[in-house]
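Below is one structure; the comments refer to it alone.
Just so it is clear, none of the values below were taken in a lab; they were calculated from the coordinates. All of these numbers come straight from a predicted model, not from anything done at the bench. For neighbour counting, all protein chains shown are included, and Cβ atoms are generated from backbone atoms with ideal geometry for every residue, glycine included.
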Amino acid sequence: MDVPLPPPSGEDRKPSLKRFGGALLGLLQNHLELLGIEFQEEKAYVFRLFLFASLSLLFGLMLLIGLSAAVVVAFWDSHRLTAIFALCLAYGLALLFCVARALKLAQRSEHPFQATLEELARNRELLP
């Protein structure tokens, strides 16, 4: 009772190829839209991060200069060189701490466009 079906002719394959091409283009369009949205989000995040980091650095340096001057002036008559060297040591230790933390954060950062990569992986699993 199993009657073999004749192989599809060239005309029968065209609609199937057309649907496959349309689905592939739709999938590509969705991925590009998602990539664009994620790029905009990353761009806004990096700009805000850079802005606040720059302002923090500026105000922190102003505070540091003011406090350093106050310490040196306070110890000017008795231990001016000791005060200057102590400040330099404290700044050096703070620098080493910050560099170590920055390197640790850079190594642990999330990958940009994570949602796009996950969506591509899901689509790859669905394909035969």
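Before we move on, is Glu42 more than 30 Å from Gly92 (Cβ to Cβ) and in contact with a helix residue (DSSP H, G or I) (Cβ under 9 Å, 6 or more places away or on another chain)?
no
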>> I'm trying to understand the selection: among the residues of the stretch 56-78, which are over 17 Å from Leu89 (Cβ atoms) and in a loop (DSSP other than H, G, I, E, B)?
In response: Trp76, Asp77, Ser78
>> Kindly evaluate Lys18 against the criterion of being in a helix (DSSP H, G or I) and either in contact (Cβ under 8 Å) with a residue 60 or more places away in the chain or under 24 Å from Leu117 (Cβ atoms) (or both).
In response: no
>> Based on this model, can you work out whether Val46 counts as over 30 Å from Arg122 (Cβ atoms), in a helix (DSSP H, G or I), free of Cβ contacts under 8 Å to residues at least 12 places away in the same chain and of a type in the set (A, V, I, L, M)?
In response: no
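Has the stretch 81-92 got any residue that is loosely packed, with under 10 Cβ neighbours inside 10 Å and not in a helix (DSSP H, G or I)?
no
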>> Against the conditions (1) in a helix (DSSP H, G or I); (2) farther than 22 Å from Leu61 by Cβ, where does His111 fall short? Just the number, please.
In response: (1)
